[in-house]
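Peer 1: Quick one: the structure is below, and I'll ask about it shortly.
The values are calculated or read from the model by the stated rules, or taken from the named source; none is laboratory data. These numbers were taken from a predicted model, which means no experiment stands behind them. Neighbour counts are summed over all protein chains in view; Cβ atoms, including those assigned to glycine, are modelled from backbone coordinates with ideal geometry. Remember, those area values only see protein heavy atoms, side chains included, never the ligands or the DNA or RNA. Shrake-Rupley method; radii C 1.70, N 1.55, O 1.52, S 1.80 Å.
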Amino acid sequence: MLEASAAAEVPIAQVALLGTTAAGGPGGRTFAEHAGALQARLTSAEGMFGMRFDPAAVSVVDVRAPTLGDSSAAVGGWFAGRPPTDVLVTCGSGAFALSMGAVCAALAAGCPVRILPIDAPWRTYSLDRTCDAEARLVPWLIRHRFWDALAEADPANRIIWELLAARQAGDTGFAATVRERSSPAERHGLTDGQLGKFTEKWPTAQAALFERIGRGEAADYGLLRAWFTQSLRSLFRKEQDRLPRHARDQIGRLIDLLGDRADGEGGAAGHIRVVARASWSDTTSGCAAMIKDDALTRLYTAASTHRAHLRPERLASGPLPPTLLQAADRWEAKDDQGVRLVSSTGHTGWPVLGSGDVLGLLVVGLEHDGREAEDRLALRTVLTELRGRREMLPRRGVVRLRLLASVETQERAHALARWAATESGADVRVIAPVPADFTGARDAILAELAAEAAPTGKLGSGSLRDVDEIMIVLNPGPPLTNYGMIAAGVEWSLTAACPLWVAELVRKAGVPSELRGGQRVLARLGADRMLAHLAVNAVKRLDMRTARRLAGRGSETLRTVLPALAELEQDLLGAAPDPWTPAERRSAASRRLTLLAQVVSERRHHVPVAYIALEALRPALFPWTVWKEMCAAQPALRQLAKLANESLQGHALDRQDRIRRPSSPTATDVRETLVRAAREFGGLDGALVSAHKTVINRLEGIYRQSA
């Protein structure tokens, strides 16, 4: 390598020789010991290959085992004492895991890194950050439905993004204002009828729920409660004339209980199971089918207690209840105006609850005698991991695996793909021929991924752009093909606006292979910037769980903000510790209301602030008995509760039959109510406002550094 780099006139200031300390190297010595011998030669008077280094410029980095994780950790430790400005990593001499581990360590350290193939040292390759980050940002905002941020990023289509943002927040008043006061030119071609849909409560509630349910924020569970009650009410109206009398009476009673505004602790949820048992033999009623969806009942029960926002994660882990998914699919296919509106801006959206699909990329190496059984065990390991990743998504989609093969390995790859597809039922295909060079491999893989199907913005397109996660599996094979796969995976994750992680397939003779790693360091190559931007906007909207989940998908750099995000979420929404005195609880209420008033005053984001305010106060800070006493004594707090109950997240759907023209409070109305309520608790307190700004500044700093 040194001889080649000298011939290519690549200057080298320091050398790190990676050697494993495990036994089994040539001549009975470890590779680390061999690296020590090379170190001695390179620093001797004679040198090697016409090059001599100062003793301080050559190091041996001991690596415990030839794996990605061990190499990355060892090199990362070495970097800690001597951060370089440019890193050159060789490949092509074996031990690809050591090479890739060094690359990961360089990325984690924020160092520019180039890959030098020893057979062609005059040609180096860079795993660079994306050069079109700003152009990539809009699709990420669209996929994750950050409509408020899109209104700022794409002002030419501002009215569309603001309509969608208002709908997502459950705000029907914004569309009414646009319809009444805007000119045809300002409407972006929207008719009165189209705008009218955005003023209707039930379509708005469905859109708000389906677009936000995966985020798991407090407002979503209010929407879930409202959606559950209204959906059951609508089915009951259609079916009540043909239901048996006992079923009609029980379901009618249940609907009354579900819509009871006084049911602060969700006591009606227990009655659902009583009705479900009584309806068990009913196989024709839509009401019965909904009530008997046990997963939906459990989700509703947890959400209806007003304690859902106190949980650190969303209530539903894994796939959402079947009834909820079916309702979302029907809405998306027939009623979602957002698909057409996004298309009118020149972009294509994504399925509202994701596709549930995961994509794996795996290079197929050369064949060796007796390797077929080992290959099958390896594929089974990869497919098992992909299925596990899929089970963590809101929807159970398709496991997709693409085997990357050269001219020499494509026949074998096709045989393995047929076996794996039959064995697992997964979508396993071959991309071939893939050139054994960095650029050629990257471009060939990207072309095949893009060619499979065109995205439509709805579920079922089959497009690989719609996958929810991508896993790159490092496998023994041509190193530049593996690096080309990594580059293609990074590019495709930016195209698909989804998380990417890299794992290493460690083969063991006669036993299932092992997947190690799961590192997200490749997010440093572009995804960190997107995720940081999304997280900033989530924090600005007080969507804290979304912000934490986004930061958790990034590299360690972005994950350093997680403790601060969790602390801010606790300070805003968390339950008060039992020892807190009434004075401490009132002080916390003042801080929370002050922050919420600040968010409303900025007027850049559509946020259901009144509802979130109530979720931040009770029962998090005040038990129900205390809460009722305070509302009786504090007029502004009583008005705030009224505004929250009139929202879609509250009881607007329960009351819509009794109120012909419900009022839509302005942002000024809400802010003034919040300020008065904060003063009733002792005055405005900006401590939480400052913490909120600090977290935003940290995320914005990572966004800028990732450019």
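Peer 1: Within segment 337-382, can you find the residues that are among the charged types (D, E, K, R) and modelled with pLDDT under 95?
Peer 2: Answer for segment 337-382, where residues must be among the charged types (D, E, K, R) and modelled with pLDDT under 95: R340, E367, D369, R371, E372, E374, D375, R376, R380.
Peer 1: Looking at segment 500-539, which of the residues that are part of a helix (DSSP H, G or I) and open to solvent by 30 Å² or more (accessible area, probe 1.4 Å) is nearest to A95 (Cα to Cα)?
Peer 2: Step by step, filter segment 500-539, then rank; the result is R524.
Peer 1: Of the residues A205, A185, A226, which single one is open to solvent by 10 Å² or more (accessible area, probe 1.4 Å), of a type in the set (A, V, I, L, M) and farther than 15 Å from L341 by Cβ?
Peer 2: A185
Peer 1: Take the residues in segment 365-398 that are over 17 Å from the mean Cα position of the chain (by Cα) and open to solvent by less than 10 Å² (accessible area, probe 1.4 Å); name whichever of them is nearest to D427 (Cα to Cα).
Peer 2: Filtering first and then ranking leaves L383.
Peer 1: Do we have L474 as open to solvent by less than 40 Å² (accessible area, probe 1.4 Å) and under 18 Å from F438 (Cβ atoms) here?
Peer 2: Criteria met by L474.
Peer 1: Here's another thing I want to ask about it. Test of understanding: among L116, L98, L18, which residue is outside any loop (DSSP other than H, G, I, E, B), closer than 27 Å to T557 by Cβ and at pLDDT below 90?
Peer 2: L116
Peer 1: Could you tell me whether segment 79-93 includes any residue that is in contact (Cβ under 8 Å) with a residue 12 or more places away in the chain, closer than 30 Å to A503 by Cβ, part of a loop (DSSP other than H, G, I, E, B) and aliphatic (A, V, I, L, M)?
Peer 2: Within segment 79-93, not a single residue is in contact (Cβ under 8 Å) with a residue 12 or more places away in the chain, closer than 30 Å to A503 by Cβ, part of a loop (DSSP other than H, G, I, E, B) and aliphatic (A, V, I, L, M).
Peer 1: Related question: Do we find a residue being outside any helix (DSSP H, G or I), open to solvent by less than 10 Å² (accessible area, probe 1.4 Å) and touching a Ser or Thr at 6+ places or on another chain (Cβ under 9 Å) anywhere in segment 481-490?
Peer 2: no
Peer 1: I would also like to ask the following. Report yes if L190 is open to solvent by less than 10 Å² (accessible area, probe 1.4 Å) and of a type outside the set (K, R), otherwise no.
Peer 2: no
Peer 1: Taking segment 121-136 on its own, how many of its residues are at pLDDT 80 or above and either over 28 Å from R704 (Cβ atoms) or in contact with a strand residue (DSSP E or B) (Cβ under 9 Å, 6 or more places away or on another chain) (or both)?
Peer 2: 5
Peer 1: Can you tell me how many residues in segment 123-157 are of a type outside the set (F, W, Y), touching a residue at least 40 places away in the same chain (Cβ under 8 Å) and under 21 Å from A551 (Cβ atoms)?
Peer 2: Counting residues in segment 123-157 that are of a type outside the set (F, W, Y), touching a residue at least 40 places away in the same chain (Cβ under 8 Å) and under 21 Å from A551 (Cβ atoms) gives 15.
Peer 1: Any residue in segment 653-667 that is assigned to a helix (DSSP H, G or I), modelled with pLDDT under 90 and more than 27 Å from I255 (Cβ to Cβ)?
Peer 2: yes
Peer 1: For L558, state whether it is out of contact with any Lys or Arg (no Cβ under 8 Å at 6 or more places or on another chain) and over 16 Å from A687 (Cβ atoms).
Peer 2: Yes.
Peer 1: A follow-up question, please. Give me the helices (runs of 4 or more DSSP H) completely within segment 139-214, filtered to those with at least 2 residues that are closer than 25 Å to E602 by Cβ, ordered by residue number.
Peer 2: Those helices (runs of 4 or more DSSP H) span 147-153, 158-168, 173-181, 201-212.
Peer 1: To continue, here is another question. Hey, can you tell me all the residues within segment 450-467 that are open to solvent by 20 Å² or more (accessible area, probe 1.4 Å) and not in a helix (DSSP H, G or I)?
Peer 2: Selection gives E452, A453, A454, P455, T456, K458, L459, G460, S461, G462.
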